[in-house]
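The values are calculated or read from the model by the stated rules, or taken from the named source; none is laboratory data. If you're wondering where the values come from, they're calculated on a predicted model, not measured in any experiment. Methodologically, a virtual Cβ is constructed for each residue, glycine included, from the backbone with ideal geometry; neighbour enumeration extends over all protein chains shown.
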């Protein structure tokens, strides 16, 4: 039984669904329409084209074997008919037709379908500001934007760039401007940190610091009031606190799902946009599927509807839709929210819920932060990695893990291992015993991920009681008003410079000498223990607790975290 | 209630169990005995000390904060008493005593325990050959061996080295001899491939080829008959096929668990050695625990007793024993068998069962091999990665994944993501939808792991019917006697050199032109389809099948796999 499938939208999910279906039912017909002239491009690659890492914008529109994915390609290689510059204006469910408008000729037409796929994607959130339409103001949306932005930079027209929004795209674009081209780049963010809601303030501060070291300026807690220009070109960004010179402005304030056509057709749509689908990616019309950036999916951790626009998600959902169009019963059960972003020589990644998100979702959650080497301590390429695990206190369930590390694949590999199990609602013990492949060039005998879970276990048991670098900073800055006893429990050589710089405030007893030098540690003052990464100070905490010390706090992540976080010590 | 814990064995599991217990019960006493003078060393680091990657043997015996883990360290820092050069000769379960022999003084004594931990480890398998005790013949066992081997090399005494066994340690030692020191190195292996039982012959051949390019010589299917020497020093290795000059010989033929003391005490021990334990790591005496290289654990995929000696396993089990010694109920549920080994600029890793192991365990299994880029095709640091997935045909259960890739962390990250879920008995669909963190510098929008599962799905559906590079090689070498039609379905430019080199044997129709040029493809001959990686040839297979071609085979991994595998084309 031959079918005609119509796909509205030709960027990520649309082509994937179309091609998968055609491979399963080569005898059926697929028509894909898109309002743009560009289809099937790698939008996520735009920052890397702007930065120069990718030399030609064309590469974002080709296959890995260098063929341009255009109309002809889809026709010849995939057997899919494509109509570009064609807008789908209305879905007539009763007559199973999509109404089309040819944007070149202005001609209207209708296309009958047996099954329909809504793959309309998302569109950058506009801020509704004066000056948002000035030349030089861009939303990072498609390869044409990319070409325009890079042209401006390479012609030397951009001395100052302002990025609005410190999420993935904002940060990637900030790096693109500053790294290769040396543009003075500022990021304005309305919340107090980079990657808000995605990572903790501690991890965010580490990433921010690294970006500042690479020349980026951040303005947190500021909102943009106007974008100003001269002769139609942007020249300034005005926030509620300052005015920034700007020859280029990137608005990266998130995206909104394009679901109007679905809503107008009477399909269920989320109040903030996004088409509701079941686990087969079917809308409430059994002949209409939706997926990718225009759809709402289930969050497997909170069990709530979630909008998670990601190219990878769109591809996986596209395959499922393709299978189901051909009579299959493939299932997309939901999302856990995995992400990674490269920040110069470092990267930030995560999966599941951050502590903030977990608390907001109603979990009685706590997080622990660990700094450890990413492979055997004797192996020459070792590097420190920071991971934070969010757990539910009563059930010991792992709700998420986030990390900050080098730009290599080591950290994202750990995040992915947790991402893989999150849907099984694992407890801490599952990660504690996770059997990661071991060899000194790749992992420590007790891998950082195992240790992270062990640490969470110790925190929940109440035997490791501590604060992260943010908590330490607060205590250190208030030391004049408190009677906290800061005890460095590393070997004396490591402590010397801090003792000299902070006479009276900094103390040192190596962990192995604690029982011997117990009289040097006051029992009636709060004691804060610090070592390199928090491991020896944990041992010290156990020892002091055993000897009746009641108020002992361990600094999680130790000096390593403090340095990455930035404390004036 | 204070207890006295005795731990027999001080390398990996012993110290971990001892220290974990002391942190939970600082008031209790722990005594750890070891027959050697060296304790708590990183044995897995030995090849990297021999190679020179690790500069001092001492580094294998220190903490990450540079303290030597010796008797004094354990006493001061960990509160654990250690007796080195002390052999545990007998366990008297009735009186809860361990009988000890002081190897320095010859004095015997007995030590009472409340609970006992058997952490006696494993010992290298001896071959029982003439000459095995000659100077220059080593088992890679402890830092003393490492020091001796490296001394010999650095003094210029080693021109030729022979490694017996092509498992992890054999291959790591082969690299150590050849890479930095330029020693002529041969590996003799009794089976037909490197990493037998762990990876498929195809992956093994890829690793072997890379090692050969780095100067290693392999002799497969040969067994060593004698080791010969002059003046007490090794000079030759004699196999059943040849005689090899050798100034150094490494015997890396596996290890055997040291479980005699447990057996003599009447505890359940596997017929081939190894103490049986329950999921709390308890032997059948509730006061005696065992773990690490001397214990037998449950394989979570085959549900059979398994001997899997790994330093990482020992550490994780050690913590569990430590917890349970203090009254906890921590569980070690079993192993899936994850591994990774670095081979010069590449690495080989895996988790779960290889196809051979799966078939041997009685599964009706099949494997699929995929070659794909490890990140976005437009991102400059992309590299090809090869992954093989083993699945059970009827249940679609994923039994294992193995891979070959660069020596970076990208491949092992993918293996770890699968390792993490194997205990949940995932189907192909779990990997197909696995939500890996996505960003072009780290992954493709459809990650190689997702694609691998999709490919397995297509193979089980019967729409992707193919062979790996080994199957292709066989067909190609027998082409004179067969009527196989080899069809390169890449763009013409890519096919030219093969057409010119193999006139009459090699044919080319780009996949996008197949319908157009159907008359160039014979319907009455078996057709074998080849492209760069197997993706376009799969599309071609779908098209030809749709047009009634009945005998069409796709070469999985395509030219990329063929080149890594080594076929004369």
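Observations on the model:
- Matching option when the condition is closer than 17 Å to residue B:320 by Cβ, within 9 Å of another protein chain (Cβ to nearest Cβ) and within 25 Å of the chain's Cα centre (by Cα), among B:16, B:22: B:16
This table checks each residue for (1) in a loop (DSSP other than H, G, I, E, B); (2) out of contact with any helix residue (DSSP H, G or I) (no Cβ under 7 Å at 6 or more places or on another chain); (3) under 26 Å from residue B:451 (Cα atoms); (4) modelled with pLDDT under 95.
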site	(1), (2), (3), (4)
B:507	no, yes, no, no
B:525	yes, yes, no, no
B:529	no, no, yes, no
B:537	no, no, yes, no
B:545	no, yes, yes, no
B:562	no, no, yes, no
B:568	yes, yes, no, yes
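- Residue identified as buried (at least 20 other Cβ atoms within 10 Å of the Cβ), touching a residue at least 40 places away in the same chain (Cβ under 8 Å) and closer than 19 Å to residue A:79 by Cα among B:512, B:534: B:534
- All positions within the stretch B:472-503 that are loosely packed, with under 15 Cβ neighbours inside 10 Å and either in contact with a strand residue (DSSP E or B) (Cβ under 6 Å, 6 or more places away or on another chain) or under 21 Å from residue B:544 (Cα atoms) (or both): B:482, B:483, B:492
- Tally, over the stretch A:29-40, of residues that are in contact with a helix residue (DSSP H, G or I) (Cβ under 7 Å, 6 or more places away or on another chain) and either farther than 21 Å from residue A:309 by Cα or within 12 Å of another protein chain (Cβ to nearest Cβ) (or both): 2
Every residue, every condition in (1) in the same structural domain as residue B:237 (by TED's automatic domain parsing); (2) within 30 Å of residue B:228 (Cβ to Cβ), yes or no:
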residue: B:52; (1), (2): no, yes
residue: B:55; (1), (2): no, no
residue: B:61; (1), (2): no, no
residue: B:73; (1), (2): no, no
residue: B:86; (1), (2): no, no
residue: B:89; (1), (2): no, no
residue: B:129; (1), (2): no, yes
residue: B:132; (1), (2): no, yes
residue: B:160; (1), (2): yes, yes
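- Strands (runs of 3 or more DSSP E) wholly inside the stretch A:313-422 containing at least 3 residues that are at the interface with chain B (Cβ under 9 Å from one of its Cβ atoms): A:339-343, A:346-352
- Qualifying residue in the stretch B:483-491 (condition: without any contact (Cβ under 8 Å) to a residue 60 or more places away in the chain, farther than 30 Å from residue A:421 by Cα, assigned to a helix (DSSP H, G or I) and not assigned by TED's automatic domain parsing to the domain that holds residue B:398): no
- Considering only residues in the stretch A:374-405 that are out of contact with any strand residue (DSSP E or B) (no Cβ under 6 Å at 6 or more places or on another chain) and under 22 Å from residue B:442 (Cα atoms), the one that is surrounded by the most Cβ atoms within 10 Å (Cβ to Cβ) turns out to be A:375.
- None of B:69, B:90, B:20 is crowded, with 21+ Cβ neighbours inside 10 Å, touching a helix residue (DSSP H, G or I) at 6+ places or on another chain (Cβ under 7 Å) and at pLDDT 95 or above except B:20.
- Screening the candidates A:195, A:206, A:180 for the property of being in contact (Cβ under 8 Å) with a residue 24 or more places away in the chain, closer than 19 Å to residue B:440 by Cβ and within 18 Å of the chain's Cα centre (by Cα) yields one hit, A:195.
- Scanning the stretch B:257-272 for residues that are surrounded by fewer than 18 Cβ atoms within 10 Å (Cβ to Cβ) and touching a residue at least 24 places away in the same chain (Cβ under 8 Å) turns up B:264, B:266, B:270, B:272.
- The stretch B:59-72, subset touching a residue at least 24 places away in the same chain (Cβ under 8 Å) and part of a helix (DSSP H, G or I), residue farthest from the other protein chains (Cβ to nearest Cβ): B:71
- Whichever residue in the stretch B:446-463 is surrounded by fewer than 24 Cβ atoms within 10 Å (Cβ to Cβ) and in a loop (DSSP other than H, G, I, E, B) and, among such residues, is farthest from the other protein chains (Cβ to nearest Cβ): B:462
Each row is one residue, and each column tells you yes or no for (1) part of a helix (DSSP H, G or I); (2) touching a strand residue (DSSP E or B) at 6+ places or on another chain (Cβ under 6 Å).
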site	(1), (2)
B:263	yes, yes
B:286	no, no
B:298	no, no
B:309	no, yes
